[in-house]
Amino acid sequence: MLEFYYFYLRPYLPWTGSVLYSFLVFWIIPCYPSYRKCFRISLRHFLTALLCALGLTSFIFIFQSGRRWEFMWYVPLLAAISYVDQRDQEIPDLPLFLILLVNLRNIGGLSYVFATMMFAVLYLFSCGGYLGLGDVKLICSWVLIKGANALLGLILGCLVCIIVSKLKKEPPETKIPFGPYICAGMFSTLFLPF
């Protein structure tokens, strides 16, 4: 029995595990704000989540990054956050909780201090209506994981947001879902060697 596991099943466990994880993320999180909707299974939603999971996991395995596990955990969450924020202009709490839960053992003491300071500054900034509280929580959860590298991702996300807004020629008072840009900046920090 153990020989069967080691020679036949073990090589495929990471791949099947990441497909299952991505499927659950793409199936449950887009049902926000009422997660009960995911239990009313629609075939279209089920197949879409499965297709996204297979495509994303295949891309990650073909990419063969040295930090492949980070991509497997974070990319489905960032994609789901971007989708929900683009649709509703609101970031759900469940993926933020999962981001922290995935990397709980790697969070250092200095990161807590840095994230708390960031939260305080961004919360004061968000009171003016420039930034939603979901955006603030998303940034701070990434700061807890990546530390100062998260600031590079945030700056990159802000630059992309400004460029896209200028290209679309949107008026300054237009509300822009900032989550996809933050997620793009976060995704870029996964490629940093440090």
Candidates Tyr21, Tyr12, filtered to the one that is modelled with pLDDT under 70 and either aromatic (Phe, Trp, Tyr) or part of a loop (DSSP other than H, G, I, E, B) (or both): Tyr12
Residues of segment 70-89 that turn out to be closer than 15 Å to Ile28 by Cβ and β-branched (Val, Ile, Thr), as a count: 2
Residue satisfying all of: in segment 129-149; more than 13 Å from Ile182 (Cα to Cα) and assigned to a loop (DSSP other than H, G, I, E, B); modelled with the lowest pLDDT among these: Gly129
Inter-residue pairs, beta-carbon under 7 Å, first among the hydroxyl-bearing types (Ser, Thr, Tyr) and in segment 26-48, second in a helix (DSSP H, G or I), 6+ apart: Tyr32/Val84; Tyr35/Ile28
Failed item, numbered, when Leu43 is tested on (1) modelled with pLDDT of 85 or more; (2) surrounded by 10 or more Cβ atoms within 10 Å (Cβ to Cβ); (3) among the aliphatic types (A, V, I, L, M): (2)
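For (1) farther than 24 Å from Pro177 by Cα; (2) modelled with pLDDT of 85 or more, each residue gets a yes or a no:
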| site | (1), (2) |
| --- | --- |
| Trp69 | yes, no |
| Tyr74 | no, no |
| Leu77 | no, yes |
| Ala80 | no, yes |
| Tyr83 | no, yes |
| Leu98 | no, no |
| Asn106 | yes, no |
| Ser111 | yes, no |
| Phe114 | yes, no |
Selection count where residues are of a type in the set (Val, Ile, Thr) and more than 9 Å from Leu122 (Cβ to Cβ), scope segment 133-151: 2
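The values are calculated or read from the model by the stated rules, or taken from the named source; none is laboratory data. Small disclaimer: the values here were computed from a predicted structure and weren't measured. Every residue, glycine as well, gets a Cβ built from its backbone with ideal geometry; the counts of neighbours run over all protein chains shown.
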